[in-house]
Amino acid sequence: MWNRSVVRVALSIFLFLGLLLPTVQAENLSTAAGQMQTHLSDTSLTGGITYTQQFFRVENYWNVTSVDIHLDYQLSQLLQNERSSVTLYMNGTPFHSFRPQLGEKAQQQLNLTVPASMIIKGVNTLMVQGHLETNAPVAQNACLPTDNRDNWLQIAKSSRIAVNYTSDPIQDSIQDFQRHFIGQDSVTNGQIAIAVAPENTSPELEAATYALSGLARVNQVTDKPIPLTTYSSDLTKTKQALILVSLYEHLPAEVKAVIKEGDVAQKAVLQLLDLNGVKTLIITSNDATLLIKAGRLAANQTLLTQINAPQKEVLASTEVDTPAVNVSRTLPLTESGDKLVGDRHREKAYFISLPGNRSIADGSKLRLNFRYARNVDFERSLVTILVNDTPIGSKRLSTELADGDHMELTIPKSLNISGNFTVKAAFDLELKNNSCLANEDQMPWAFVEKDSLLQLNTKDRTELLFNNYPYPFLRDGSYNQVTVVLPTTRDVYLYQSLTNVFNLLGRYAQTNTGNVQFVAGNLQSEQLKGRQIIAIGSYEDNAVIAANNDKLYFRYGAGGQGFVSNEKLSIESGYGMRIGSLQLIDSPYQSGFGLMAVTGSRPEYAYLASKLIGSEGSLWQVFGDGAITDADGNVQAYRFKKEAASAPSTALDEVLARKDVLGFMAAAGLVALLIILSLILMIRKYAKKKRRGLR
């Protein structure tokens, strides 16, 4: 009996483990959980009724379980608690209201959870709206003072939005791989990389650079670069998604076991594989030209998101180019129109993309077509247009034009706008007697029509200054015949420097049709003619830097061990060996081209210099044409080129730059010519009659 009991218990345990095993396996294959935080910026809500908005993104492969809101805020000490309130909206729907209470501590806290049902894929909007009053009425329906400067609620930057989610695994398609690769969780957590073979060649680096540039342009995490590195089996231990760009002969053995040499004969392939449990997109070919073409395909994000398969072949005839950028154009502000609802101040911002080397020229215009409600106080309601938060014009609303109003403005040249900028339509929708009685009617609204247009005239910014960066390496959104001169020694710092340089350039590169070449070793001057040059390294391991040391603003001393003093800065000898320098000079190889030196006495100091042009967040520290930086984060920038006196633009120059004016003048000239011809014919006619009369 005892033996039978033991057997029964053993069988029960066995059956239990047999039932449990599939569950354990299922857990191992289940989606991974994560949290993504977005911090709010310091914001002050001032006035009777005011609001602020914060945007955060939910990736389409996330399954959101909840969204946690943490607010740190301070209140005006004069606030009337019973008459003031704060309401939070998610995507336009209110989900929490509270009356702010003054406490012992100056800073108050609020923690709450947003229902997952209110969250959408893509961009979500959290709005915090305050109804703040500091004055209690002395009698029922009595008017309150209009001065509400004491009505304030300040939100601290420690406030945050935390999205809790589970992530779907990467599907067996290039389309889904691309979504995961550029997902904000993948980039923020450092789970991705673009790799080349350790013994890489120039075509492999070129193809990888194109792929990096295309992905950097759509990377939503602006302060986190996409790494460019060399491939090793250890890389798969720290990453969740990889892109490996390599000629077939340099592929690792585990890849060659899957992709046969015959698979890349006279073609390139993009092949999605599992390498040591990591999804890896292999970009390879036997032909260097086709490998570069495959790299351009990876840079074309529109095409990449359309490949719903694990493999894509690239032939010589495959179309991979992105459309050219039209820099002087007429473009709509909104595709379907935008509605703004609520009283007081309401805004709608429009982001305008422009190549970094282009600035707005004379004659650029904005036409805003809009409608609005009739229940506003037309004596106090108006619309204001702002460009990069600078107002350029306002118009009072009127009852006669409520069903179809418009305003047309010229964008002032004095704003000196270059690259991307923002146009904002700000409506002040004031209600009658709103300071005295509560509004019980329909909330006021305004609607921006879809035929609102921006007419852009632009011009090049061609002075060799970091103020105009990324010029000269990009022009009209495309790589501008760039040659990267590499040092003789390739270490981890070199690839980190390339990561910095091409992540920022890639953000500005709007096409995949430009040209980037990589060269190293002893170069002939002919190879660098007609090229925009980026030289990375030190005096000792980069021949171009050594050969042009006398032309640099920050020069190396005898032996090239470190930088020496110049007319702008005194440099101690030891300090000169521990700094990196970024310099932009005229190319010594051909007039009209530029050379940027990313240099330091050792690779780690050249890397420090590259960080200055690694993101838009660090680029603001660099101006002029020469800068140095050290390991403590100290940056000193200078302008060495003399500021040339700008030749005054003549009327003829301005006319030649305006096609519309040229057309008008041509028409006017033709009319004038016809009038003169008619006068000549009339004079001749009357002269003949007069001669006949004399006879």
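The values are calculated or read from the model by the stated rules, or taken from the named source; none is laboratory data. Only a predicted model underlies this, so the values are computations on that prediction, with no experimental measurement involved. FYI the Cβ positions are ideal-geometry reconstructions off the backbone, even for glycines, and counts take in every protein chain you see. Side chains are part of the model used for accessible areas, which takes the heavy atoms of the whole protein and leaves out ligands, DNA and RNA. Shrake-Rupley method; radii C 1.70, N 1.55, O 1.52, S 1.80 Å.
Structure summary
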| item | result |
| --- | --- |
| Candidate residues Asp405, Asp362, Asp338, Asp550: accessible-area rank, largest first, probe 1.4 Å | Asp550, Asp362, Asp338, Asp405 |
| Computed Kirkwood radius, in angstrom, where 1/r is averaged over Cα pairs of region 576-634 | 11.9 |
| 17 Å Cα-Cα reach of Lys413 towards aspartates and glutamates, excluding residues that sit fewer than 8 places from it in its own chain | Asp362, Asp389, Asp460, Asp653, Glu654 |
| Alpha-carbon Debye profile of region 451-495, log10 I(q)/I(0) at 0.14, 0.18 Å⁻¹ | -0.57, -0.76 |
| Taking only Cα atoms of region 71-124, radius of gyration then Dmax in Å | 13.7, 41 |
| Relative packing of 385-392, 260-267, 556-563, which averages over residues the other C-beta atoms within 10 Å, highest first | 556-563, 385-392, 260-267 |
| At most 16 other Cβ within 10 Å, DSSP loop - GluC sites (Glu not before Pro), region 278-361 | Glu319, Glu335 |
| Carbon and sulfur %, accessible surface of the chain computed with the full protein complex present, 1.4 Å | 51 |
| Partners for Lys611 among lysines (Cα-Cα distance below 24 Å; same-chain residues under 8 apart left out) | Lys224, Lys239, Lys551, Lys568, Lys641 |
| q = 0.16, 0.19 Å⁻¹: log10 I(q)/I(0) that the Debye formula gives for region 198-271, counting C-alpha atoms only | -0.68, -0.94 |
| Cβ charges +1 (Lys, Arg) and -1 (Asp, Glu), total dipole of region 199-252, debye | 320 |
| Region 433-551: antiparallel DSSP beta bridges as a percent of all, rounded to 5 | 20 |
| Hydrodynamic radius by Kirkwood, which averages 1/r over all alpha carbon pairs of region 483-555, in angstrom | 13.4 |
| Charge dipole (the chain, unit charges on Cβ, about Cα centre) - positive-most of Leu275, Asn151, Ala349 | Ala349 |
| Kirkwood hydrodynamic radius (C-alpha pairs) into Stokes-Einstein, region 310-351, 10 °C and 1.306 mPa s, D in µm²/s | 101 |
| Rotationally averaged projected area of region 250-314 (alpha carbon convex hull; nm²) | 4.4 |
| 1.4 Å probe accessible area per residue over the chain, in Å² | 50 |
| For region 356-494, the Rg and Dmax computed from alpha carbons only, in angstrom | 22.6, 77 |
| Bins of 10 Å, starting at 0 and running to the largest distance - Cα pair percent for region 293-374 | 11, 28, 23, 23, 12, 3, 0 |
| Packing rank of 426-432, 211-217, 577-583, where each peptide gets the mean count of other beta carbons within 10 Å, highest leading | 211-217, 577-583, 426-432 |
| Rg/Rh (Cα only; Kirkwood hydrodynamic radius) as it applies to region 370-438 | 1.07 |
| Size descriptor, Kirkwood hydrodynamic radius, that averages inverse alpha-carbon separations across region 288-337, Å | 13.3 |
| Spatially near lysine pairs across region 259-328, Cα under 16 Å, sequence gap of 8 or more or different chains | 5 |
| Ratio of the Cα radius of gyration of region 495-640 to 2.2 N^0.38 Å, where N counts its residues | 1.00 |
| All-pairs Cα distance distribution in the chain, expressed in whole percent, bin size 10 Å | 3, 11, 17, 20, 19, 14, 8, 4, 2, 1, 0, 0, 0, 0, 0, 0 |
| Convex hull volume per residue in cubic angstrom - Cα atoms of region 177-333 | 132 |
| Reach of Lys105 by Cα under 28 Å, taken over lysines that are not fewer than 8 positions away in the same chain | Lys157 |
